[in-house]
Amino acid sequence: MSIALTAPLPTSDALRTRVRESLAAVGASVELGEPGAHGLPASTPITGDVLFSIPSSTVAQTDEAIAAAAHAFSAWRTTPAPVRGALVARLGQLLVEHKADLAALVTVEAGKITSEALGEVQEMIDICEFAVGLSRQLYGRTIASERPGHRLMETWHPLGVVGVITAFNFPVAVWAWNTAVALVCGDTVVWKPSELTPLTAVACQALIERACADVGAPVDVSQLVLGEREVGEKLVDDPRVALVSATGSVRMGREVGPRVAARFGRSLLELGGNNGAIVTPAADLDLAVRGIVFSAAGTAGQRCTTLRRLLVHSSVADEVVSRIEAAYRQLPVGDPFAEGTLVGPLIHERSYRDMVGALQQAEAEGGSVTGGQRVDVGDDAGADAFYVTPAVVRMPAQTAVVHEETFAPILYVMTYETLDEAIALNNAVPQGLSSSIFTLDVREAERFLAADGSDCGIANVNIGTSGAEIGGAFGGEKETGGGRESGSDAWKAYMRRATNTVNYSSELPLAQGVHFG
Ligand code: NAD
């Protein structure tokens with residue numbers, strides 16, 4: 001089709017050089033084999049090629065990593081929390097120093113545009129800062145005891161080994177959210193990144209190992225295992241792994257959640273979203289359109305918080321849709337490294353096929369599609385790369401296809417008449433991650449945030465559904481899994497709580513007035 005790329009795509013050889021340079025800069029040493037050689041393929045969505053083959057972990061090696069993390073835990077849990085914080089502080093410094101190196105790897109492997117890749121590394125730096133502060137304020141409550149001469153309190157203790165399973169689309173930030181907080185909480189970590197982004201993981205592991213060496217912390221507190229789902233399944237089933245923090249699709253969560261529960265382990269699930277935004281007649285439409293376009297088309301629709309459903313009042317629907325469509329026509333699609341590109345590639349062919357399938361289904365269900373075409377990248381590079389224009393689909397109703405998360409830039413638009421109807425539509429999907437309302441009417445905004453408003457873990461006013469800060473707890477309800485990580489008191493998921501009653505009197509009164517003997 002006729003849409004031009006922002007610039008010619010880089011060659012896979014140029015990307016290989018970039019990877020080698022970035023890995024060398026962070027001090028990572030990994031065997032970079034020829035594509036097709038035995039091991040895990042490290043590929044790039046920029047050209048669609050496999051760049052290298054790298055060694056993957058066997059289940060036996062994963063077992064060893066868990067054993068090493070469990071052994072390290074026995075000393076790490078009694079290391080004072082502020083001393084644990086010093087390790088995370090050093091990691092944060094190294095991330096500042098190597099922000100561009102890590103971001104380049106994120107762009108190569110996940111296809112994020114440079115600005116978003118840098119933003120993802122900044123998120124790692126932010127969570128390190130948060131966790132360092134947290135290391136001096138892990139607190140419990142004291143509670144009024146009903147018995148004289150007694151003190152009742154809660155204390156929080158390290159939990160154990162945390163298994164971290166991550167998705168391709170936030171290949172480094174989600175590891176940092178978990179690891180920075182888990183380490184200051186006194187836990188040790190075994191990380192299984194997405195099989196699609198092993199090189200960024202190798203770079204992160206090199207940085208944490210350097211941080212350990214610099215502050216004299218045991219290197220075994222943070223382990224990396226690379227591989228497909230069977231490596232993740234080892235973490236899921238192993239009773240030495242106290243908490244499995246798993247980020248990915250609802251499908252993955254359906255497998256992981258019950259398996260961890262079957263051994264009475266803890267899980268923290270961060271799964272798919274199907275996020276909605278309401279635009280009321282009282283919205284600032286300039287601001288709304290900007291927020292919508294970033295949330296819906298940014299990261300080529302591959303964020304868990306991507307805006308997928310627009311619920312717009314019928315009186316402003318035509319204007320809002322035509323402004324979004326006009327903005328979409330201006331969005332530069334192409335090489336995520338090229339200056340000016342705003343929409344990079346889809347992660348792989350399957351994503352593209354899913355997008356095509358969803359658009360066909362939407363049309364069959366009465367939708368009318370604008371955009372959503374594959375962009376021709378020429379013959380030289382990128383025959384197996386998938387660049388698309390973001391799609392806007394006007395739907396007559398919130399039909400079956402709209403209830404699914406298709407991990408691509410598709411924005412379904414539905415109209416409504418009353419705010420109650422809009423909130424009901426917002427809540428009528430199985431997922432419950434993020435949501436927002438655009439309105440300058442305080443009553444509408446407060447209604448959206450009230451107990452009978454949005455049922456999502458994130459509910460925003462006058463900003464889009466994506467781009468959360470690390471200071472708040474992040475996660476969602478229903479099929480999104482119910483987990484919370486990152487800021488606020490999400491650290492409590494990484495610790496165990498003990499309730500302590502101390503009797504400092506010389507009597508032994510029993511609770512509830514019970515007399516015994
Ligand atoms: P995915 O579910 O295919 O894979 C995620 C991870 O789970 C990978 O590391 C994979 O190897 C592993 N895995 C898959 N099945 C497993 C099993 N049975 N046992 C153990 N591990 C298993 O997801 P993806 O395609 O990489 O990422 C996209 C999905 O992730 C989207 O649905 C997106 O919404 C979701 N996501 C959610 C959040 C969040 O915070 N809620 C954040 C990022 C991505």
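Using the structure shown, decide if R251 is near the ligand (Cβ under 9 Å from one of its atoms) and either of a type outside the set (S, T, N, Q) or surrounded by fewer than 24 Cβ atoms within 10 Å (Cβ to Cβ) (or both). Taking the combined requirement at face value, the residue satisfies it. Take the stretch 29-49 and flag every residue that is hydrophobic (A, V, I, L, M, F, W, C) and within 12 Å of P198 (Cα to Cα). V30, L32, L40, A42 - these are the residues of the stretch 29-49 that are hydrophobic (A, V, I, L, M, F, W, C) and within 12 Å of P198 (Cα to Cα). For beta carbons closer than 8 Å, sequence separation of 6+ or different chains, a first residue in the stretch 175-202 that is on the phi > 0 side of the Ramachandran plot and a second that is in a helix (DSSP H, G or I) and not hydroxyl-bearing (S, T, Y), the qualifying pairs are G186/F73; G186/W76; G186/A81; G186/R84. Pairing residues of the stretch 230-242 that are within 21 Å of A493 (Cβ to Cβ) with residues that are of a type in the set (K, R) and within 8 Å of the ligand (Cβ to nearest atom), at Cβ distances under 8 Å and at least 6 apart in sequence or on separate chains, gives G232/K192; L235/K192; V236/R259; D237/R259.
R151 meets all of the listed conditions (1) touching a residue at least 40 places away in the same chain (Cβ under 8 Å); (2) within 16 Å of the ligand (Cβ to nearest atom); (3) not small (G, A, S) but one, namely (2). V413 falls short on exactly one of the conditions (1) more than 24 Å from F168 (Cα to Cα); (2) surrounded by fewer than 19 Cβ atoms within 10 Å (Cβ to Cβ), and that condition is (2). Out of A326, A358, which single residue is modelled with pLDDT of 95 or more, assigned by TED's automatic domain parsing to the domain that holds Y412 and away from the ligand (no atom under 16 Å from the Cβ)? The unique qualifying residue is A326.
Taking the stretch 208-230 as the range and being surrounded by fewer than 24 Cβ atoms within 10 Å (Cβ to Cβ), among the aliphatic types (A, V, I, L, M) and under 29 Å from G272 (Cβ atoms) as the test, only L224 passes.
Considering only residues in the stretch 454-478 that are within 13 Å of the ligand (Cβ to nearest atom) and more than 15 Å from the chain's Cα centre (by Cα), the one that is surrounded by the fewest Cβ atoms within 10 Å (Cβ to Cβ) turns out to be K478. Comparison of P390, P396, P332 shows that the only residue that is crowded, with 24+ Cβ neighbours inside 10 Å and touching a Gly at 6+ places or on another chain (Cβ under 8 Å) is P390. The set of residues in the stretch 254-273 that are surrounded by 15 or more Cβ atoms within 10 Å (Cβ to Cβ) and more than 9 Å from the ligand (Cβ to nearest atom) comprises G257, V260, G265, R266, S267, L268. Of all the residues in the stretch 421-468, those that are assigned to a helix (DSSP H, G or I) and over 22 Å from R394 (Cβ atoms) number 8.
The values are calculated or read from the model by the stated rules, or taken from the named source; none is laboratory data. In this text the structure is predicted, and so the values were computed from the model without any measurement. For neighbour counting, all protein chains shown are included, and Cβ atoms are generated from backbone atoms with ideal geometry for every residue, glycine included.
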